[in-house]
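The values are calculated or read from the model by the stated rules, or taken from the named source; none is laboratory data. Here the structure is a predicted model, which means the values were calculated and not measured. Cβ coordinates were reconstructed from backbone atoms using ideal geometry, including for glycine residues, and neighbour counts include every protein chain displayed. What goes into the accessible areas is simple: the full protein's heavy atoms, side chains included, and nothing from ligands, DNA or RNA. Shrake-Rupley method; radii C 1.70, N 1.55, O 1.52, S 1.80 Å.
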Amino acid sequence: MVLLECRGLNKKYGQKQALKNVNIEVTAGKIVGLLGPNGSGKTTLIKLINNLLTPTSGEVLINGKQPGVESKSMISYLPERTYFRRNMSVKKTLEFFADFYKDFDLKRAQKLLKDLDLDENQRISAMSKGMQEKVQLVLVMSRRAKLYILDEPLGGVDPATRDYILDTILTNFNEKASLIISTHLISDIERILDEVIMINKGQVVMHEEADALRAKYKTSIDAIFRKELKNAR
Amino acid sequence: MNDFENSTPVYLQIAEKLAIQIFGGKLAPGTQLPSVRDIAIAKRVNPNTVQKALAKLEEEGLIVTERTNGKFVTNLKELIMEKREEYAAELTRNYEKKMHEVGAEIRMPKIMWLNDGAAEILEKVEQMEEKNEERSRRWFF
C-alpha cells in the first residue's frame, strides 16, 4: 500500500527552484532515509508533505488524498526546530499533546521520558537544547501515526542517546506505518534503513533499497552518498 | 551489539550470524527461532531486514516455517553438515587468499577441526610429508 506519493512536485521560492520534478512513492512498513546535503531541498520536501508549504506545481498524496486536516491526523512530524511553549512543564506539554492528538499514547510517552532520564516536572525553558530535542522526539514517537516524518532528529543529541533513539524508533515501529528520516548523519542511521532517497539541488538522484545499494557498490550508504555528491559537483 | 558492517548488505550479515549459530549447534536442529520482531530488536535492525535474512536461510533449507507456529531450525542434520562444509570451504578460501596477500605460508591446523574422515586424511598427508622430508634429506647428504 502506498502511503505517500509525490507526483511531478515543483517548488520555487521566487526565482530559486528548491524542488524540481520530484516523483516518489513510499509504501507502508518502510523506514526511509531522506539524505541530502545542506540546502538540497529536504526540509522543503518535508514541509510540502506536511502541508506547511504549497507546491508551485505537482501534487502530494497522503494515503491517496490531498494534504489537509485528515493527513495531519495521520502524520507525526518532528520539525527541525522545537515549537514548545518555553514556560510549560514537560507534564503540561504531554497533556497538551494528548488533548490535541487522538492517537497520542500517554503511557508510552511517560515510559520513554523515564528511560531517557527526563523529569516531567521540569520546565522546557530550564532544559538544554539536547534535552528539548529528546522531549520532542518522545512526543512525536508516542503517537500511533501512519507516517512519521523526522527532520534531522539526531543533530543535537549525544551518541548514546542517538542509539537509544534509533532503538526507540525500531521497537515502536509497526509494519502498517512508515517512517521518513532526514539526516546528513548517515553512518549513524544506515543500519535501520529499508530505503534511501538521495536528493541534491532539489532533485531526487537516487531512490533504492539500502541493502541493494550496498550489494551493488560494495560499500556503505555513507560512502555512496559522499561519492555521489562529489560527482555531482 | 551494533556490530554490523555498513559496506555489505545487513540482511546477509544477519543470515550469516544465524547460520553460524546453526552450524555451531547454538541453535540446535528443531529449535524454534525468536520472532522477527524480537530478532530485530536484539540485533538493532529493521524488521524487514530480518525478514529478508530469514527468507534467505529458508531458501537454503536451514530453517523451515511451520504454518502457524513460526520458524524452526531444520531437522535435516545432513543438510546442516553439508552447508557447514560449504561455509568452511569458503572460510578456508578467504584464509588462503589473505595469507597469499601477506606472503605467508598456509598453515595446517594442529587441532582437528574437521570430522574424523578429514582428520585421517590430514594425518596421512603429514606422514607423507615427513617421508618426503626424510627422502630429500637422504638425497641431500
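Report for the protein assembly as shown the percent antiparallel among DSSP-assigned beta bridges with both residues inside it, nearest 5. Antiparallel bridges: around 60 percent, rounded to the nearest 5. Summarising the amide proton neighbourhood of A:Leu19: residues at separation of 5 or more, or on other chains, whose placed amide H is nearer than 5 Å comprise A:Lys11. For chain B, the orientation-averaged shadow of the C-alpha convex hull comes to 11.5 nm² (one quarter of the hull surface). Across segment B:120-125, coupling constants 3J(HN,Hα) worked out from phi with the 6.51/-1.76/1.60 Karplus curve, θ = phi - 60°, read 4, 4, 4, 4, 4, 4 Hz, and Gly and Pro carry x. Using R0 = 41 Å, the C-beta based FRET efficiency linking A:Arg7 and A:Arg108 works out to 0.75.
Net charge in the neighbourhood of A:Ala215 (other residues with Cβ under 12 Å of its Cβ; Lys, Arg +1, Asp, Glu -1) is +1. In the distance distribution for the protein assembly as shown, Cα-Cα pairs more than 38 Å apart total 34 percent.
3J(HN,Hα) couplings calculated from phi for segment A:156-172 with the Karplus curve 6.51 cos²θ - 1.76 cosθ + 1.60 (θ = phi - 60°) are, in sequence order, x, 9, 6, x, 5, 5, 4, 4, 4, 4, 5, 5, 4, 4, 5, 6, 8 Hz; Gly and Pro show x. May I ask you to list the residues of segment B:17-43 whose amide nitrogen lies under 20 Å from a point 7 Å from Cα along the Cα→beta-carbon direction of A:Lys176? From segment B:17-43, the list is B:36-38. Packing order of peptides B:84-90, A:5-11, highest average first: A:5-11, B:84-90 (average count of other Cβ atoms within 10 Å over each peptide's residues).
With +1 on each Lys and Arg Cβ and -1 on each Asp and Glu Cβ, and nothing else charged, work out how big the dipole of chain B is about its Cα centre, in Debye to the nearest 20. Provide the component values of the computation, followed by the final result.
Numbers: 22 positive and 24 negative charges, 89 e Å.
Here chain B has a charge dipole of around 420 debye.
Would you mind counting up the charge near A:Leu3? Only other residues with Cβ under 14 Å from its Cβ, with Lys and Arg at +1 and Asp and Glu at -1. Around A:Leu3, the surrounding residues sum to -2.
Working note: 222 nm ellipticity from helices only, DSSP H runs with n ≥ 4, each -39,500 (n - 2.57), summed and divided by the residues of chain B, gives -21000 deg cm²/dmol to the nearest 500. Remark: segment A:54-134 projects, on average over all directions, an area of 6.7 nm² (convex hull of Cα atoms).
B:Arg107 to B:Glu126: extension gain in nm, 0.36 nm per residue of separation minus the Cα-Cα distance? Stretched fully, the B:Arg107-B:Glu126 segment lengthens by 5.6 nm. The amide H of A:Leu179, built 1.01 Å from its N in the peptide plane, has A:Lys30, A:Ile31, A:Val32, A:Tyr148 as neighbours under 5 Å, considering only residues 5 or more places off or on other chains. Per residue, the protein assembly as shown exposes 57 Å² of solvent-accessible protein surface, assessed with a 1.4 angstrom probe and all protein chains in place. Residues whose amide H lies under 5 Å from that of A:Thr27, counting only those 5 or more places away or on a different chain, are A:Leu3; hydrogens are built 1.01 Å from N in the peptide plane.
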